[in-house]
1. Report, by residue number, each residue of the stretch 74-113 that is more than 26 Å from Gly193 (Cβ to Cβ), outside any helix (DSSP H, G or I) and open to solvent by less than 40 Å² (accessible area, probe 1.4 Å).
2. All but one of (1) among the hydrophobic types (A, V, I, L, M, F, W, C); (2) at pLDDT below 95; (3) within 21 Å of Asn9 (Cβ to Cβ) hold for Ala99; state the number of the condition that does not hold.
3. Taking the stated definitions as given, is Leu3 open to solvent by less than 40 Å² (accessible area, probe 1.4 Å) and not acidic (Asp, Glu)?
4. Given the criteria at pLDDT 95 or above, among the charged types (D, E, K, R) and farther than 28 Å from Ser35 by Cβ, does Lys91 qualify?
5. Give the residues of the stretch 146-200 that are over 23 Å from Ser120 (Cβ atoms), open to solvent by 50 Å² or more (accessible area, probe 1.4 Å), not basic (Lys, Arg) and not in a helix (DSSP H, G or I), sorted by residue number.
6. Just to be sure I understand the filter: pairs with C-beta atoms under 7 Å, separated by 6 or more residues or on different chains, first member in the stretch 163-179 and more than 16 Å from Tyr146 (Cβ to Cβ), second member of a type outside the set (D, E, K, R) and open to solvent by less than 80 Å² (accessible area, probe 1.4 Å). Which pairs pass?
7. Taking the conditions exactly as written (open to solvent by less than 70 Å² (accessible area, probe 1.4 Å), aromatic (Phe, Trp, Tyr), without any contact (Cβ under 8 Å) to a residue 60 or more places away in the chain and assigned to a loop (DSSP other than H, G, I, E, B)), does Phe15 satisfy them or not?
8. Which one of these does Leu63 not meet: (1) assigned to a helix (DSSP H, G or I); (2) modelled with pLDDT of 95 or more?
Amino acid sequence: MQLIIDLGNTQIKYFVFDQDRELKVLTTVVNQWESALNKIRDAFPQFNKAILSDVNGSITSELIASLAPIPVVNCSASLRLPFKTQYNPSKQLGADRVALIASAAFHYPNQNVLVIDVGSCITYDFLDREGMHHGGSISPGFSMRYKAMHTFSGKLPLLEPTACNDFLGTNTASAIHAGVYSGIQSEIETMIGLYQKKFG
């Protein structure tokens, strides 16, 4: 039985697997990681190994120490992976991206795959049909765009991300939502088009 830990910038997710069967998923904010881990331990005391995908770094040592003596593998480009990468240096490729590219290589072998992850940042990673990762790009995610507009302007309010189906805003709040949502949608569509044009 395995514990998979996805430590992001704002959330931490715990997944318990038995072989390839998912038994439990628990998501919480990063500062409540310990109580969530205790719930997992109480429910599944028999897990005996863990892997950690960590883009945060703030609680890594405490998290690994709390799991002792269970061995914890850090997800990174230094592992034996089902793909090769042109990222240079490869150690700069984030653990979240390594995990996603490895998953794409496993689930879509011998295919060109564009992996898009929308989190604190939006990441794009291209894996070709030969299993070569060509790199990709990183841009601001939803919350970061809202925070940037508020932080770097004099009067724009800080809003919570809210789904928006119209690109026309009729007041400041709806204009901000429209700008963020239609901007991200347009970005993703454009990026897909660029990759299709270059790689088919």
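The values are calculated or read from the model by the stated rules, or taken from the named source; none is laboratory data. Note that the coordinates shown come from a computational prediction; the quantities given were computed from them, not determined experimentally. So basically every Cβ, Gly included, is an ideal-geometry build from the backbone, and we count neighbours across all protein chains shown. With ligands, DNA and RNA removed, areas are computed over all heavy atoms of the protein, side chains included. Shrake-Rupley method; radii C 1.70, N 1.55, O 1.52, S 1.80 Å.
1. Cys75, Ser76, Ala77 - these are the residues of the stretch 74-113 that are more than 26 Å from Gly193 (Cβ to Cβ), outside any helix (DSSP H, G or I) and open to solvent by less than 40 Å² (accessible area, probe 1.4 Å).
2. Result: Ala99 fails condition (2) only.
3. Against the criterion (open to solvent by less than 40 Å² (accessible area, probe 1.4 Å) and not acidic (Asp, Glu)), Leu3 qualifies.
4. no
5. Selection gives Gly154, Asn165, Asp166, Phe167, Leu168, Thr170, Asn171, Gly200.
6. So the pair list comes out as Asp166/Ala178; Phe167/Ala178; Phe167/Ser182; Leu168/Ala178.
7. So Phe15 fails the test.
8. Here Leu63 meets the rest and fails (2).
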